[in-house]
Amino acid sequence: MAVSTARVLAGAFLLLALYCSTDPFQHSALSGFPDFEAYRVDMPPWSEVPPERDSRNLLRRSEVRFLNQIQGPESIAFDPLGRGPYTGVADGRVLFWDGQAWSDFAYTSPNRSELCDPKSSPRSYLKNEHICGRPLGLRFDKKTGDLYIADAYFGLMKVGPEGGLATSLTTEAEGIPLRFTNDLDIDEEGNVYFTDSSSIYQRRNFLHLVFSAESSGRLLKYNPVTKETTVLERNLQFPNGVSLSKDRSFFVFCEGAIGRLRKYWLKGEKAGTSEVFAVLPGFPDNVRTNKDGEFWVAVHCRRTLYTYLCAHYPKIRKYILKLPISAEIQYVLHIGGGLHGVVVKYSQEGKVVRILEDSQGKVVKAVSEAEEKDGKLWMGSVLMPFIAVYNLD
C-alpha cells in the first residue's frame, strides 16, 4: 500500500511539474511573459526589521475624502502658496482641489482620447496607461511654481504654474529609455533626482516586476542647465520614492524589493556615495520629508515569512508563480493575504519615530505616499479611489 501511495504521489508531482512547465491553459501568473526570470533578493535579516507595531490601528481614524471622485491618487502635492492638494490620477491627468471641487490642472500625454475616459476602478486604466500617461511622483519647485512630474511612461516632465500639457525633460539615460519613471525631488539649484524602477517592466506590468525582483532599476539626476541626465546608481531592485533631507546634504530613496531606505550623500566627504539609512518593516513606495526633517515612508505591505522565503529562493518563487493561480491572487499572497495600510516616520538619523497602520485594511487599505501638512497626514494610493487624511494632533 505504501509503495502504491508513493507512486501515486510521484505521478501527481510529475504531472504538476509538466503542467507548470507548459501552462497549457494559460492560467498562471506568468502567462504572456515567456522570458520571465525570478531573482534573489538579499533582504535584511529579521533581527534588523523594526518590531514596533501600531496596536491601536490608528489609521482607522483617518477621514476618507473624495471617495470615487479620484482614481488612484499616487502622489500628493501642495503648491508654493499652500493650495491643493494636487494629485496624479489613473487616467493620466493631474488634478487640483480648489477647496470646492476638483479641476483639471495638467496632463502628460498629447494623445488623450476616449480611451482615457472615467472608469470604475484604478486598475481599469492599466491597459491604456501607455497611451494616456500615468503621473506618479509630483513636486513643486518652490521658486518658480513649476510642477515636476514623474510619468511612468513619458519620463521626467514639467508644467508651468498655469498647468496644461506637460513638457518632456528627459526620456532616457545612457541610451537606455526610461520605462518606469517613478518619483523625484528637486534641490535648490533645480537639479532633479529621480528613479526609474525598471528598464524591463513598465508600470502596467508592475506585478511582474514585484514577482521578478530584477535589478535594472536606476537612480538618476537631471541637470536643468546642461539638460543632461546622469545615472547615480544602477542595478537596483525596484527603486521608488525619493526625498531630500531638510538641510539638503543628502536624500533618501526607497529600495522597494529589499525593503530599505538608502541615503545618497550630496555634500561632505561622502558626496556621491550611498549607504543604508534604515530597514523598513515591509516594502516601501514613496517617502516625504516633513518640516522637522523627518521622513514619512509609505509601506505598501508588511514583510512576511512567505515573502522572506520567496526572496531568498527565486527558483521556488518561479515554480509557485507557474501554478494555475492568477497574478492577482499571487499578489495577495505576496502582501500577506490582504491590503493593509502602514506608514512609518523616521528621524534624520534613520531611527523609527512613529508607526501608524490599519492592519486589516478596514479604512486605509493601501498607502503610496504620506504628505504631512498643517498637522495632518494626507495619504494617497495608486490602488484606491480616495485620499485618506489622518489628524496627527
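The values are calculated or read from the model by the stated rules, or taken from the named source; none is laboratory data. In this text the structure is predicted, and so the values were computed from the model without any measurement. Glycine also receives a Cβ, built like all others from the backbone with ideal geometry; neighbour counts cover every protein chain displayed.
Summary table below
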item	result
Some residue of the stretch 58-66 being at pLDDT 95 or above, over 25 Å from TYR346 (Cβ atoms) and not β-branched (Val, Ile, Thr)	yes
Among residues of the stretch 125-158, those that are under 24 Å from PHE386 (Cα atoms) and either over 18 Å from the mean Cα position of the chain (by Cα) or not assigned by TED's automatic domain parsing to the domain that holds ARG203 (or both), counted	6
Residue within the stretch 199-216 that is among the basic types (Lys, Arg), touching a helix residue (DSSP H, G or I) at 6+ places or on another chain (Cβ under 8 Å) and more than 21 Å from VAL344 (Cβ to Cβ) present	yes
Meets criteria (touching a strand residue (DSSP E or B) at 6+ places or on another chain (Cβ under 6 Å) and either under 16 Å from LYS246 (Cα atoms) or not assigned by TED's automatic domain parsing to the domain that holds PHE238 (or both)) for PHE277	yes
Evaluation of ARG179 against (1) of a type in the set (Lys, Arg); (2) without any contact (Cβ under 8 Å) to a residue 60 or more places away in the chain; (3) surrounded by fewer than 20 Cβ atoms within 10 Å (Cβ to Cβ) (one fails), failing number	(3)
Any chance VAL364 is of a type in the set (Val, Ile, Thr), closer than 28 Å to VAL192 by Cβ and modelled with pLDDT of 95 or more	no
Residue in the stretch 97-105 that is modelled with pLDDT of 95 or more, crowded, with 19+ Cβ neighbours inside 10 Å, in a strand (DSSP E or B) and more than 21 Å from the chain's Cα centre (by Cα) present	yes
Of all residues making up the stretch 345-379, the number that are touching an Asp or Glu at 6+ places or on another chain (Cβ under 6 Å) and among the charged types (D, E, K, R)	2
Among (1) within 12 Å of LEU59 (Cβ to Cβ); (2) touching a strand residue (DSSP E or B) at 6+ places or on another chain (Cβ under 6 Å), the one test that GLY380 misses	(1)
Residue tally, condition surrounded by fewer than 21 Cβ atoms within 10 Å (Cβ to Cβ), of a type in the set (A, V, I, L, M) and in contact (Cβ under 8 Å) with a residue 40 or more places away in the chain, over the stretch 280-318	0
Pick from the stretch 206-258, criterion under 19 Å from the mean Cα position of the chain (by Cα) and either outside the structural domain of GLY272 (by TED's automatic domain parsing) or acidic (Asp, Glu) (or both), ranking: surrounded by the most Cβ atoms within 10 Å (Cβ to Cβ)	GLU255
Residue match in the stretch 196-204 (condition: part of a strand (DSSP E or B) and either more than 30 Å from SER47 (Cβ to Cβ) or in contact with a Phe, Trp or Tyr (Cβ under 7 Å, 6 or more places away or on another chain) (or both))	yes
Residue, farthest from VAL367 (Cα to Cα), within the stretch 119-139, restricted to residues that are in contact with an Asp or Glu (Cβ under 7 Å, 6 or more places away or on another chain) and at pLDDT 95 or above	CYS132
So ILE316, is it within 20 Å of LEU30 (Cα to Cα) and either part of a loop (DSSP other than H, G, I, E, B) or among the small types (Gly, Ala, Ser) (or both)	no
Flag for THR144 being out of contact with any helix residue (DSSP H, G or I) (no Cβ under 9 Å at 6 or more places or on another chain), polar (S, T, N, Q) and under 24 Å from LEU392 (Cβ atoms)	no
Count of residues meeting criterion [assigned to a helix (DSSP H, G or I) and within 22 Å of the chain's Cα centre (by Cα)] in the stretch 44-59	1
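Results for (1) of a type outside the set (S, T, N, Q); (2) in a loop (DSSP other than H, G, I, E, B); (3) touching a Lys or Arg at 6+ places or on another chain (Cβ under 6 Å), shown as yes or no for each residue.
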residue	(1), (2), (3)
ILE355	yes, no, no
GLY361	yes, yes, no
VAL364	yes, yes, no
GLU371	yes, no, yes
TRP378	yes, no, no
VAL382	yes, yes, no
PRO385	yes, yes, no
VAL389	yes, no, yes
ASP393	yes, yes, no
